[in-house]
Amino acid sequence: MEDTVQSTGTLSVPPLPDFLSAEVAADPYAYYRNLREQAPLLWHEASGTYLVSRHDDLVRVLRDPAFTTDHYAQSMEPVYGRTIIQMNGHEHAVRRALVTPAFKGSLFQERYATVIERTARTLIDGFRHRGSVDVVTEFARVFPVDVICRMLGFDHADAPKFRTWYRAIVTCFGNLTGDPEIAALGVRTRAEMTDYMVPIIEDRRRNPREDLLSDLCVATADGEAMDTEDIRAFTALLLVAGGETTDKALGLVFRNLLAHPDQLDAVRRNPGLVGAALAETLRLTPPVQVIQRLASAEAKLSGGTVPAGSLVTCLIASANRDPRKFADPERFDIFRADLAVKKAFTAASDHLAFSLGRHFCLGAALSLAEVSTAVPMLLDAMPDMRLAPGAEPTEEGLFVRGLDTLPLEFTARE
């Protein structure tokens, strides 16, 4: 199957492989290069969406209120419940005001910095004496979910349940074709999380503690508060927003640094460069590579016009490699001048890995805190780390993309 290019009256290009094909999944970046130059606006019949690939166009789509998140009611609500992602206007502003304070400022540092460090140290102590580790399966995939469980104040013995729910939600997040088995998995996961969480949320309302779940229970903004279902849905969303970026980004940071020994040495010498390494990793290899918006009105973009009512697929990974925005965009460079690290984890970021504007990812600050803590600790535990013999770390996935494994060897340390 091949994709078709929307006619603009002047554009004539050869057929492109199908967006959902194995060929594109193996190397989406080559496909995106062709899209940006040949078909910046492409109608994809199988998913019923317009693919948008240039940086300037995505900035427009992500910031313009005419492109809404209303479509998530059908694709995400069965799994998450109604979340802040679906909301717009006053409703969105209030919900954002209710949850944002928990991820900012001195309270976050005082309460959760030690949680992040303790969680990382516990995991590292489990393998530092061995001299080998799969940093993806044994650390990156476990670390952010465990951190979120501890932040929320859940019993750490239940962390395996959350890891299972997390993997299920991530699978559903990338269900572009509407596979009914994946959809059913999402419904089951929501039911299981509801049964587990509702009694705990109700207990926190009666007996608040110093944890994120209690904060959500007592928070008010503009005279409004979150009900039990709001909190349960936000927690499901937090598992992905606060987990998926850190999960995939940690493995990719290490893969990218190992492939560039000079930059790895620079980060070892100066841990303050971890933020730059993460920002550049998010630009070059964003964990969430595709997000969608619904056009509430007709919109002109590069390559043609998006009709009102159309679903738009924003190719984040393509925009982040657009040479119109970034010099030598296929190169990993933590020192690049056209990526401002200070704003790389804010709604004014140059890269689009966390989206932009009013729906900028709330998990950005948490991801930065987790990676900035974990990477120096991992480098200290593995001062001579190297890829295990025969290892060939390969990215997998299209909607969400990362490494399935990254086996390392190093000199064992007590």
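The values are calculated or read from the model by the stated rules, or taken from the named source; none is laboratory data. Note that the structure is a prediction, hence the values are computed from the model and not measured. Cβ placement follows ideal geometry from the backbone for every residue including glycine, while neighbour counts extend to all protein chains displayed. For the accessible areas, the whole protein counts, side chains as well, though only heavy atoms, and no ligand, DNA or RNA atoms are used. Shrake-Rupley method; radii C 1.70, N 1.55, O 1.52, S 1.80 Å.
Points worth noting:
- Taken per residue, the accessible surface of the chain reaches 40 Å², heavy atoms only and a 1.4 Å probe.
- Rounded to whole numbers, the Karplus 3J(HN,Hα) couplings from phi for the stretch 378-394 are 5, 5, 5, 6, 10, x, 10, 4, 7, 5, 5, x, x, 6, 9, x, 10 Hz, using 6.51 cos²θ - 1.76 cosθ + 1.60 with θ = phi - 60°, and x at Gly and Pro.
- In order through the stretch 212-226: 3J(HN,Hα) via Karplus (6.51 cos²θ - 1.76 cosθ + 1.60), integer Hz, x for Gly, Pro: 5, 4, 5, 4, 5, 5, 9, 5, 9, 8, 6, x, 10, 9, 8
- Rounded percent of accessible protein surface that carbon and sulfur make up, the stretch 347-414, 1.4 Å probe: 53
- Taking the three principal axes of the alpha carbon atoms in the chain, the coordinate ranges are 65, 54, 39 Å, sorted in descending order.
- Taking every alpha-carbon pair in the stretch 170-308 and binning the separations at 5 Å intervals from zero gives 2, 8, 12, 12, 12, 12, 15, 14, 9, 5, 1, 0 percent.
- Cβ-Cβ FRET estimate between E77 and D384, R0 fixed at 35 Å, reported to 0.05: 0.10
- The share of accessible area on the stretch 196-331 that comes from carbon and sulfur is 51 percent, using a 1.4 angstrom probe.
- Tail weight of P(r) past 15 Å, computed on alpha-carbon pairs of the stretch 224-289, percent: 59
- Of interest is the spacing of the C-alpha centroids, which for the stretch 283-341 and the stretch 143-199 amounts to 29 Å.
- Computed over the stretch 92-249, Kirkwood Rh from alpha-carbon pairs, angstrom: 16.8
- Difference of contour (0.36 nm per residue) and Cα-Cα distance, A113 to R269: 53.9 nm
- Each residue of the stretch 133-145 was assigned a 3J(HN,Hα) from its phi angle through the Karplus expression (A = 6.51, B = -1.76, C = 1.60, θ = phi - 60°), giving 6, 8, 5, 7, 6, 9, 10, 4, 6, 9, 3, x, 5 Hz with x at Gly and Pro.
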